[in-house]
Structures are given as C-alpha cells and as structure tokens.
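Asks: Structure incoming, see below.
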Amino acid sequence: MPRFPDHLTGDGPTNPFPGVRVLERRLGRKIPHQLGSNEGLDMPHRALREHFGDAMVQHAYSYGDAEALGVRQRLSDQQGIPLDALLVDAGADSLIALALRTVAEPGCAVVGTAGTYPTFGYFARGQGCRLVEIAYNEAPGRLAPDLDALARSAHDENARLVYLANPDNPSGHLHDDDAIRRLRAALPEDCWLLLDEAYHDFREDADTPFAREVLPGVIRLRTLSKAHGMAGLRIGYTIAEPETLAMMMKVRIHYAVSTLTQAAAEVVLDHPEETREHIAAVLERRKRLAEYLRGLGAEVLPSDTNFVGIRLPSADLAGRVHKALLDEGKLIARPAHPDLGHVLRITAVEDALVPGRLKILEEALR
Ligand SMILES: Cc1ncc(COP(=O)(O)O)c(C=O)c1O
C-alpha cells in the first residue's frame, strides 16, 4: 500500500465546516432555517438576476454540498463506479494539486514525463517535491510516455508518486489497460500512480470494465471540462479506494466546487445523449483534422483525445509556425518544454478546419 505523510495518518485534520447539506444527510432530515452560516442570504441580487436570470441567482447564496452527492450519485449510476470510490473537486487540475497535497511531502521525489501536461510539474514544484522527468519514447509515428523508464525511475529515486496522463497530452498517445496494470505492478509498493484520465471520454473503448475499476494504489482523475464542455465551471472527479479518498477529504478545500457548478453538472449528466453527440462529433472532426494534416505532409501522431498532435522536422520551424499563427490571432498549442519544442497540438474544432485557417502551417510544410 502506498504511504501517506505522517501528519495525515492520525485522527485529524477534521473539516470544521462540512456544511448544511452534509449535516442534513447525517441527521436524515431537512434544516429549513439557515440562521448560522453567515452567508449573504438576504442580498437582493437585482443586478445578478437581471444579467443571468432567477435560476442562476438561486445557486449564488449558499455554500455548496461539500460531498457533491448529486454529481457523484449520477457518475456512479451511469458508469457503475461505487459511490464511495468517487470524489468531486474543481477540475482535474485541482485534483492533481489535491492528490499531491494528500500523499507528497516537501522534498520527496515524484516522477513524470518530460513535456507531458505541465500543470503536474508546476504543482509538484509548488509543493516542494523533487520533480524527476523521464524522456518520451520517440519513434516514427510514436510519441509515448515510457512506462518502463517511469517505473525504473520510481525505484531509483524512491519516488512517492508517478504521474501519467493517459491518454497523454500533448502527444495524444493511449497506453492500453494491460500496460497500465503492468505499470502499477512494476512500481514500488509504496509509490502512488496518479493516472490523469482527463481525455478518457474520447477513447474508442471508454466504457469497459477497466474504465470503472477502482485500482489499488492508483488515483484516477477525470474531468467534465472536455467531453462535457464545462471547463469554465470547474468540475472533475477522482476514482480511488475509499481510504485514499478519506485522506484527500482531510485536506480538500471543502467548498471549492460551487453550488452553481454542481447544479449545472447534474443537468449535463442528466442528458448523456448530448455528451455522446458531442463526443461523436469530436471523433469525426479529429479524423478529418488528422487527414488534412497528413495531406499537408505532416507527421500526425495517433490521438485518443480531442486534439491532434503533429511532429515537425525541427523545434525552430514549429516555433516559427506557432508565432506566425499567433500573430494572426490563431492560437494553437506548442509545449513549452524544450524536449517537445518540435510538437504542435491542434484542437479538433470546426474552426481549425475552415479552409485557409492554418495557411501558415500549409506553407511551412510545403
Ligand atoms: C492531461 C490533462 N489533465 C488535466 C487537465 C485540466 O483539466 P481540468 O479543466 O479539469 O482542470 C487538462 C486540460 O487541458 C489536461 O490536458
């Protein structure tokens, strides 16, 4: 079993404000008179009402459900994930920070891939961890996190945690389920695997028994930012063992997910057909975007996400294309990490496919 820091393994810390929704559940009845939590319950909210309407204002007054039960219940019912293996927070980013806060002390080593989703390294450094970066496995048509090297490094560095985005950003690479199981088995027993599945919903095989499995020693992260289109409202979830989630709850910012966000997520989750329609459209556009880029002679990386990565002959060329497009008000992504300076990432939105939109890239590859 991976370890938790000593300061969390005793009784506390205990959340002093679990909130009225949690209290109602503990008591098994409604509390109609809110006279004690110092919210601005009598604010008229004329301006807000005029701007956003009554329905939104109703969600502005009170602190949210610190346990996000409505959202968790829907995720559990729809995906067959046990309710007590789900924790909701303000997006996958918040969950990365929360996972680090729960398992990593300042000075401990954490391992990730050099050039992968950089927020992990940013938060790890901010937490005082020693970030060890492992090069991607690169070959023609392949840019993949190197699982064997990650596991070796975890042993060599006595790492507390290994981070893997799967599917990966920015490469788009997907390691299959067996590879993830092998990685977990190859890690030191006391090392966590932080498995960032922000792009999970775009996998062709998103709905398998593995997708809903609670994996020992693994903290899985997902988000409603991508397939559910809710990035601005900030909501995501973790799938992990209940004991792990109990530790995360000890250090979680309890009202981080607003009442409005939870209500909006419940509405979106109650209409899964719209999310399915969106995912199908993204997959179709991803295919068209990849074909278009291949047609330009670009080396297109296989992607299981909502974007397509391409590898250019040099970082210099990629830098020039990125800048020239930005000068024209067109923002594509180029990883800041020097190891991936030759990679560009384009989101599979219709705007990217408008004829002439990426003319600068077409000219650069000619
Ligand atoms: C791999 C990965 N993890 C996490 C996130 C952040 O997701 P959220 O909006 O849920 O914080 C992103 C967003 O681009 C991402 O690419």
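Asks: If the requirement is being touching a Phe, Trp or Tyr at 6+ places or on another chain (Cβ under 8 Å), of a type in the set (Asp, Glu), crowded, with 18+ Cβ neighbours inside 10 Å and not assigned by TED's automatic domain parsing to the domain that holds Asn306, which of these qualifies: Asp201, Asp168, Asp177?
Replies: Asp168
Asks: Could you count how many residues in region 123-161 are buried (at least 16 other Cβ atoms within 10 Å of the Cβ) and in a loop (DSSP other than H, G, I, E, B)?
Replies: Residues meeting the conditions: 8.
Asks: If a residue has to be within 8 Å of the ligand (Cβ to nearest atom) and either modelled with pLDDT under 95 or under 23 Å from Ala151 (Cβ atoms) (or both) to count, how many in region 223-239 make the cut?
Replies: Total satisfying the criteria: 0.
Asks: Still on this structure, I have one more. Please find, among Ala265, Ala280, Ala211, the residue that is within 14 Å of the ligand (Cβ to nearest atom) and small (Gly, Ala, Ser).
Replies: Answer to the selection: Ala265.
Asks: Which helices (runs of 4 or more DSSP H) sit wholly inside region 1-57 and have at least 1 residues that are within 25 Å of Ile219 (Cβ to Cβ), of a type in the set (D, E, K, R) and without any contact (Cβ under 8 Å) to a residue 24 or more places away in the chain?
Replies: Qualifying helices (runs of 4 or more DSSP H): 6-9.
Asks: Return yes or no: is Ala144 away from the ligand (no atom under 16 Å from the Cβ) and not assigned by TED's automatic domain parsing to the domain that holds Ala336?
Replies: So Ala144 fails the test.
Asks: Let me ask something additional. For Glu105, work out the one condition from (1) assigned to a helix (DSSP H, G or I); (2) away from the ligand (no atom under 16 Å from the Cβ) it doesn't fulfil.
Replies: Here Glu105 meets the rest and fails (1).
Asks: Take the conditions assigned by TED's automatic domain parsing to the domain that holds Thr261, farther than 16 Å from Leu195 by Cα and surrounded by 18 or more Cβ atoms within 10 Å (Cβ to Cβ) and apply them to Ala90. Does it pass?
Replies: So Ala90 passes the test.
The values are calculated or read from the model by the stated rules, or taken from the named source; none is laboratory data. Please read these numbers as outputs of a predicted model, since none were measured by experiment. For neighbour counting, all protein chains shown are included, and Cβ atoms are generated from backbone atoms with ideal geometry for every residue, glycine included.
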